[in-house]
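Colleague: Sharing a structure, written as structure tokens. Questions coming.
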Amino acid sequence: MNDHLNLSQALVESLRRAAVYRALARGFFYPSGEVHAEIEQQFTDLMASDLGWPSGLDSLMQTCVASFRAADPGELEGEYFRLFGPAGKAPVIETAYGNAYRLLGKAANLADISGFYLAFGVKPGQEGSHRESLPEDHLAMELEFMSLLNAKEAMAIHEGWEEEAQITKGARIKFLREHLGAWMEIWNLQLAEAEPHAFYAHLAQVLLALVQDDMDRLQIEPYRITDRVVDTEVGGDEVVCPMAVPPSS
């Protein structure tokens, strides 16, 4: 009886985390007219869900949804570009951040992220119009991947596939430690300094709470990234390691 109860709890936990990650991912797409409507739908579905919430996220998400619905759509588009665009104050691109852990550079880190995706059948750039222009390390892509991992784990639990459930859980742990969980702190600092619109400030609060709760539950200490990467040219692959900047004379 207790084993059945534990499995049921694990199944619900995986399903609700999949739903929250999916909704948050939509919030980090450029909020054009079509995407704006999709964000509204994702948030509406999430708030109507009876799956419950990871600890403490209910009130944060309610505030986030309220700030989205109160915002002018055109204002959100301009704010998205200011914060997250090519010269944005707080890029939502993992390889925009780096330190000694990222000595191998952008190409190696993108290849590592792609390896995670391919292992679970994800092919960035081939899944729909909104995703085609997004790099593998875009925050929305990483959040959708976390949603997929949680959904796959829920399926494995439901079907009694113990090995598959453990493999998927292991991938979640590794991806949080080496990627998503690694750059959330430095990204949040950059975002706070940019004084974002209330919606993006609240969206970030929900995201950080969810990721931190995941890492606490799984006892993960992430490989923290602490600096912005310095590129010699916009969009270039060359990375100047912060540890290697020569001293001033």
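Colleague: If LEU57 meets every condition in (1) at pLDDT below 95; (2) over 30 Å from ALA165 (Cβ atoms); (3) surrounded by 13 or more Cβ atoms within 10 Å (Cβ to Cβ) apart from one, which number is that one?
Modeller: Result: LEU57 fails condition (2) only.
Colleague: Residue by residue through the stretch 1-44, note down the ones that are assigned to a helix (DSSP H, G or I), exposed (fewer than 13 other Cβ atoms within 10 Å of the Cβ) and either modelled with pLDDT under 90 or in contact with a strand residue (DSSP E or B) (Cβ under 9 Å, 6 or more places away or on another chain) (or both).
Modeller: Of everything in the stretch 1-44, those that are assigned to a helix (DSSP H, G or I), exposed (fewer than 13 other Cβ atoms within 10 Å of the Cβ) and either modelled with pLDDT under 90 or in contact with a strand residue (DSSP E or B) (Cβ under 9 Å, 6 or more places away or on another chain) (or both) turn out to be ASN2, ASP3, HIS4, LEU5, ASN6, SER8, GLN9, GLY33.
Colleague: While we're here: Which residues, taken from the stretch 213-229, are assigned to a helix (DSSP H, G or I) and touching a residue at least 12 places away in the same chain (Cβ under 8 Å)?
Modeller: So the first thing to find is which residues in the stretch 213-229 are assigned to a helix (DSSP H, G or I), and the list is 213-217.
Answer for the stretch 213-229, where residues must be assigned to a helix (DSSP H, G or I) and touching a residue at least 12 places away in the same chain (Cβ under 8 Å): ASP213, ASP214, MET215.
Colleague: Let me ask another. Just give me the residues in the stretch 58-113 being among the aliphatic types (A, V, I, L, M) and over 19 Å from ALA182 (Cα atoms), in sequence order. Write out each step before concluding.
Modeller: First pass over the stretch 58-113, keeping only residues among the aliphatic types (A, V, I, L, M): 60-61, 65-66, 70-71, 76, 83, 87, 90, 92-93, 96, 100, 103-104, 107-108, 110-111, 113.
Passing the criteria: LEU60, MET61, VAL65, ALA66, ALA70, ALA71, LEU76, LEU83, ALA87.
Colleague: Could you list, in sequence order, all residues of the stretch 178-189 that are surrounded by fewer than 20 Cβ atoms within 10 Å (Cβ to Cβ) and either out of contact with any Phe, Trp or Tyr (no Cβ under 6 Å at 6 or more places or on another chain) or outside any helix (DSSP H, G or I) (or both)?
Modeller: Hits for the stretch 178-189 are GLU185, ASN188, LEU189.
Colleague: Name the single residue, out of those in the stretch 149-163 being more than 23 Å from the chain's Cα centre (by Cα) and assigned to a helix (DSSP H, G or I), that is surrounded by the most Cβ atoms within 10 Å (Cβ to Cβ). Give the derivation first.
Modeller: Of all residues in the stretch 149-163, those more than 23 Å from the chain's Cα centre (by Cα) come to 157-163.
Now narrow it down to the ones that are assigned to a helix (DSSP H, G or I): 157-159, 162-163.
Working: ILE157: 24, HIS158: 15, GLU159: 10, GLU162: 10, GLU163: 8.
Among those residues, the one meeting the criterion is ILE157.
Colleague: On the basis of being at pLDDT below 90, in a loop (DSSP other than H, G, I, E, B), exposed (fewer than 12 other Cβ atoms within 10 Å of the Cβ) and under 19 Å from the mean Cα position of the chain (by Cα), does PRO86 make the cut?
Modeller: Numbers: at pLDDT below 90: yes; in a loop (DSSP other than H, G, I, E, B): yes; exposed (fewer than 12 other Cβ atoms within 10 Å of the Cβ): yes; under 19 Å from the mean Cα position of the chain (by Cα): yes.
Answer is yes for this residue.
The values are calculated or read from the model by the stated rules, or taken from the named source; none is laboratory data. For clarity, every value in this text was computed on a predicted model and none was experimentally measured. Note that we place each Cβ from the backbone using ideal geometry, even for glycine, and neighbour counts take in every protein chain shown.
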